[in-house]
Amino acid sequence: MKFRAKIVEPMCMRQFSSIVLTLCKLSKESVLKLTSNKLLFIISEDNAVPRRTMAWCVMDRKNFFNEYTIDGQGDENEINLQLSMELLASSVNTFKAVDSVKSVKLKLTDKITPCLTFEIELITSIGHSRLCVHDVPVNVITRAHAEDYAQQPPTHNYDISIEMPNLRKLRTIIDRLKKLDHYVVVSAQGSGHMCFKVETHKATVSTFFTGLNVDNCSNDLDDVSNVRVDIRKLSHFLVCEQIHPDKVTCHILNGHLIHQHLKQYDVEINYYLMAVDE
């Protein structure tokens with residue numbers, strides 16, 4: 001197996017770095033799937049049996065890389081790597097300050113253990129070039145186990161699909177609510193209303209949003225669809241506001257699931273939150 005890629009454009013370096021640093025907040029580990037035309041980060045829910053996908057991030061390689069070569073496994077020409085998001089974030093953080101970076105090369109190497117190697121070419125203040133190398137150890141997933149990461153989780157016949165409120169404002173609110181309880185009830189109506197509610201034995205605190213765009217609703221406008229979820233996991237997703245998404249949609253399957261879909265020009269993130277029983 002072989003993999004080589006190169007980023008030259010400063011904007012692409014900055015965006016690649018922002019995406020990785022954002023995903024690092026969701027989990028300590030991830031599977032990086034490399035294909036002929038896409039990079040995918042697949043994050044599984046901790047301690048879930050059987051394995052359950054929590055985040056599925058797709059990046060179009062032509063929007064990031066000036067050079068891209070892969071010789072992978074099977075007819076699909078794929079490489080699946082399990083890696084530490086913390087180590088990956090440490091590497092990309094090096095070229096976040098793109099003013100001094102000329103180029104970034106990524107390649108799959110064998111250094112006692114398989115590694116995803118970053119070769120970062122830096123320009124000093126006097127115009128000299130120096131090379132900064134980061135090795136991120138990886139586990140290469142065999143073809144037999146790669147089937148676990150072959151397909152994105154299926155979509156459902158959601159009760160409602162509604163535009164999310166401004167993520168930055170909502171993140172501030174959720175960070176305050178999570179001091180009250182470990183869980184939050186997320187509800188939405190076809191009339192464009194959305195509510196985030198925390199209930200304790202001392203108080204019930206609710207935050208309401210109105211005038212949100214509704215993409216789809218299978219119920220009457222006044223019917224409420226809601227799901228009780230882990231507020232900490234919801235808070236982790238809201239960090240995605242750092243990549244300035246064009247649109248974020250919340251799909252609700254009443255009593256069972258929240259599927260957050262974030263769309264930006266060159267990246268797409270799907271985040272799944274299962275319901276938590278009272």
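The values are calculated or read from the model by the stated rules, or taken from the named source; none is laboratory data. If you're wondering where the values come from, they're calculated on a predicted model, not measured in any experiment. Cβ sites come from the backbone with ideal geometry, for glycine too, and all protein chains shown count toward neighbours. Note: areas computed on protein heavy atoms with side chains; ligands, DNA, RNA excluded. Shrake-Rupley method; radii C 1.70, N 1.55, O 1.52, S 1.80 Å.
If the Cβ limit is 6 Å and pairs must be 6+ apart or interchain, which residue in region 249-278 that is without any contact (Cβ under 8 Å) to a residue 60 or more places away in the chain pairs with which residue that is acidic (D, E) and surrounded by fewer than 17 Cβ atoms within 10 Å (Cβ to Cβ)?
K263/D246; Q264/D246
Of (1) of a type in the set (A, V, I, L, M); (2) part of a helix (DSSP H, G or I); (3) open to solvent by 50 Å² or more (accessible area, probe 1.4 Å), L221 satisfies all except one. Which?
The single condition L221 does not satisfy is (2).
Tell me which residues, restricted to region 89-137, are open to solvent by less than 30 Å² (accessible area, probe 1.4 Å) and not in a strand (DSSP E or B).
A89, S91, V92, F95, V98
Which one is modelled with the lowest pLDDT among residues in region 198-218 that are closer than 20 Å to Q260 by Cα and open to solvent by less than 60 Å² (accessible area, probe 1.4 Å)? Talk me through it step by step, then tell me what you get.
Just the residues of region 198-218 that are closer than 20 Å to Q260 by Cα, to begin with: 198, 207-218.
Pick out the ones that are also open to solvent by less than 60 Å² (accessible area, probe 1.4 Å) and you get 198, 207, 209, 212, 214, 217.
Working: V198: 96, T207: 96, F209: 96, L212: 96, V214: 95, C217: 92.
Looking at residues that are closer than 20 Å to Q260 by Cα and open to solvent by less than 60 Å² (accessible area, probe 1.4 Å), I get C217.
Residue check: is L23 under 18 Å from I243 (Cβ atoms), among the aliphatic types (A, V, I, L, M), open to solvent by less than 10 Å² (accessible area, probe 1.4 Å) and in a strand (DSSP E or B)?
No; evaluated as a whole, the condition is false for this residue.
One line per residue, one yes/no per condition, for (1) in contact (Cβ under 8 Å) with a residue 40 or more places away in the chain; (2) hydrophobic (A, V, I, L, M, F, W, C); (3) within 23 Å of V276 (Cβ to Cβ):
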| position | (1), (2), (3) |
| --- | --- |
| I123 | no, yes, no |
| C132 | no, yes, no |
| D175 | yes, no, yes |
| C195 | no, yes, yes |
| T200 | no, no, yes |
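Does at least one position in region 65-87 carry a residue that is assigned to a helix (DSSP H, G or I) and out of contact with any Pro (no Cβ under 8 Å at 6 or more places or on another chain)?
yes
What do you reckon, is I174 outside any strand (DSSP E or B) and β-branched (V, I, T)? Spell out the reasoning first.
Working: outside any strand (DSSP E or B): yes; β-branched (V, I, T): yes.
Against the criterion (outside any strand (DSSP E or B) and β-branched (V, I, T)), I174 qualifies.
Select from region 47-64 the residues that are among the hydrophobic types (A, V, I, L, M, F, W, C) and part of a loop (DSSP other than H, G, I, E, B) and list them in ascending order.
Of everything in region 47-64, those that are among the hydrophobic types (A, V, I, L, M, F, W, C) and part of a loop (DSSP other than H, G, I, E, B) turn out to be A48, V49, F64.
So if I check each of S30, S36, S18, which one is small (G, A, S) and out of contact with any Phe, Trp or Tyr (no Cβ under 9 Å at 6 or more places or on another chain)?
Only one candidate qualifies: S18.
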